[in-house]
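One structure is given here, and the rest of the page talks about it.
The values are calculated or read from the model by the stated rules, or taken from the named source; none is laboratory data. Just so it is clear, the model here is predicted, and its values are computed rather than measured. We place every Cβ from the backbone using ideal geometry, glycine too, and count neighbours over all the protein chains shown. These accessible areas exclude ligands, DNA and RNA; they are computed on the full protein's heavy atoms, side chains included. Shrake-Rupley method; radii C 1.70, N 1.55, O 1.52, S 1.80 Å.
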Amino acid sequence: MPSAYERRLVLFYASNVVSRLRGRDDEAPRLAQWLQLHEEELRFRYPTSPGDVAEGAAQRRPINREVPTPEWQRLGEVLRNTLAAASPARPDRTARRVRRLSRATRLSPTDTAILELELRHQLDSLVGSLIDEIGDAREWNRSGFRLGNPTLPCLLGLSSGKVYGRFAPDAPLVTSGLMSIDRDGDVTILDRLTRLHWLPQEAGSDVQRLLLDEAGAGELHWSDFDHVASDRDHLERILSGALRSDNKGVNVLVYGPPGTGKTEFCKTLAARLEAPLYVVGESDASGSEPSRQERIQELRFAQRLLAGDRRSLLLFDEMEDLLSSQGTLVAALFGSRGFAGLPAEGSKVFMNRLLEETPVPILWTSNAARQTSQVLLRRMMFALELRKPPPKVRARIWARHLARHGIESTEEDASALAREFDVTPGVASGVTAAARLGGGTIAGVRRGVRALADVMSGRTAPTQPTLQNFDPALIRADMDPVQLADRLSKSGARCFSLCLQGPPGTGKSAYVRHLADRLGFEVMQKRASDLMSMWVGGTEKQVAEAFAEARDAEAFLVFDEADSLLTDRRLARQSWEASQVNEMLTWMESHPLPFACTTNFGDHLDPATLRRFTFKIALDYLSPQQTKAAFHVYFGIEPPSGFGALATLTPGDFAVVRRKAEILGFLGDSQALAKMLRGECEAKPAGTHRVGFCW
């Protein structure tokens, strides 16, 4: 049964329609029959002539083409008298919530009446039944009504001009996002407004909490974003000031690859600012994916609803859905005629105003910010790029996820996962949750992250371990490696670069790791395969990201196989081959931290590149004295006589032979070890190896 308020509302609407129409109008017989059918619910008696009365009860009779004028007039009189005699009805919960929404969004009484009528039409209510009965299906259906439909003014008892004047492009019902108008003039109400009716009393009376979705608590900590600490803290100061002021147009972009924690960062930032964070455009009332039009409508509504709240923030995820430079927003949403009759070419102005006049600070996230129109990017107050966190931060994140999902592990387990797999926090969260479902072991976590790393396009190879029993004295170079490490360690220098060239296995990468450890830096290793892209401009982008990532993490950046990135430009056949070298040169000159490049082919490097390295070190095969020393270091026994004559041995050869000897059980046999080392030398290409940098 309808509430007393809704019953009175229906009688009011019906009375207005009867007073406006005549008995011969198309709607008259449908309304008359509907009122006969709902006499009991409405608690009124449909008027009848004396000939229609039998045994004291009105006999319902079909009304075909029209209602006789006297009967139509009596119907109007009965409806007015019933309304006048009825005691005032207290607004029901839906009506009270609509009025609170009206005050929050600063609607006029006419706007409020239109909004309440259309909201009740959307519901399975007596009002909806009435409208469905008398409304023209072409002009009014469950999704809304069409501009110019005469039934709406009739129901409200207002003139058409007064009602439809409330749907001008700059009218509150439209600019607030409460209602939208498509190119055909069809008006629809914001889906989530049905919450005003369906949500229970426990949901409270605050329309913000009823109609907006507050972001949940974040899983990451403020310290998990230490790799962008400078920009992170600057953004915190910007938003803190914005929340204390009345400034409009505060828009912030948080961008980066998927899974780097953009949404989590926004949640963590909002919690730190002690500000409610409301998510915009996640889903409609049915839980399905919202369209572009629905997302922008919800954004406008949230802006309007929170305009008087100086302590709230909005989060709009995946802004590229709406702000792509591939086409203007309004043209995509509303067709060639644009929004509410505006031309599509005005869409740029529309979007600029949407950003410039927002009364609530908005955090926009994007996986592809560079695809966004430059015109719109200029409206951002700040842009924070989130990249994959460095190993130290990843280790903390891994440890937290492992503990949260009850997976037995050690601190070293978390550190190993962080070193071996260069994956995002989103991947870490997913694989630990999956491992818990599959038995909750660290082996399950490792299997899961390896499987995802294999399939993800951004996968990188596992980091190389340092050489076992590494001793810098076993490196033969044109510069004393021990003395260099000592001097750099004492000087505290941070801005320098090295290029290490030499045959494979001579200890280039191992020495850089040793040097980084002496200086207190974590190593960030990048291979050519990590950086080379099949797309034009892709390699340059990934080179830039590698330098930026190392800068943010304050890590010692190492490029292995650098000859693939720094090839002599005089030999370039394609323009992009030269441009990737140019990108490297630019970053080499401006990078504020130590970095190193290793290569087996120093004579392939571009001459301009070589001039930009602070230290150029050429490594060679071990000397006879170093060869004997390496035998002691790796095997712990004396070498056989004449062993030092092997001229092309490297520390890498000793490491390989040690692993082979451990498997075969020959670690104590000096002759067998010497024979295996001789085999390593014989397997190398014939000819004299030229050592040094040439151009």
### Query
Put a dot 7 Å past each Cα toward the Cβ at residue 90 and residue 656; how far apart are the dots in nm?
8.9 nm
### Task
Please work out the average accessible area per residue across the chain, using the 1.4 Å probe convention, and give it in Å².
46 Å²
### Task
Provide the packing ranking of 613-624, 556-567, 189-200, 659-670, i.e. peptides ordered by the mean count of other C-beta atoms within 10 Å per residue, highest first.
556-567, 613-624, 189-200, 659-670
### Task
Evaluate E = 1/(1 + (r/R0)^6) for residue 40 and residue 292, where r is the Cβ-Cβ distance and R0 equals 45 Å; express this FRET efficiency to the nearest 0.05.
0.45
### Full-extension gain in nm, residue 447 to residue 470, via 0.36 nm per residue minus C-alpha separation
5.2 nm
### Query
Suppose R0 equals 51 Å; then what is the FRET efficiency for residue 535 and residue 141 from their Cβ-Cβ distance, rounded to the nearest 0.05?
0.60
### Query
Under the rule of -39500 (n - 2.57) per DSSP H run of 4 or more residues, summed and divided by the residues of the chain, what mean residue ellipticity at 222 nm is obtained, to the nearest 500 deg cm²/dmol?
-14000 deg cm²/dmol
### Task
Arrange the peptides 303-315, 435-447 so that the one whose residues have, on average, the most other Cβ atoms within 10 Å appears first.
303-315, 435-447
### Query
Contour minus end-to-end for residue 352 and residue 129, with contour as 0.36 nm per residue of separation and end-to-end as the Cα-Cα distance?
76.1 nm
### Query
Counting Lys and Arg as +1 and Asp and Glu as -1, what is the net charge of the other residues whose Cβ lies under 12 Å from the Cβ of residue 11?
+1
### Query
Using a ≥ b ≥ c from the Cα gyration tensor of region 242-281 (square roots of the eigenvalues), is it rounded, prolate or oblate, where a/c under 1.5 gives rounded and otherwise the larger of a/b and b/c decides, a/b for prolate?
prolate
### Heavy-atom accessible surface of the chain: percent carbon and sulfur, 1.4 Å
49 percent
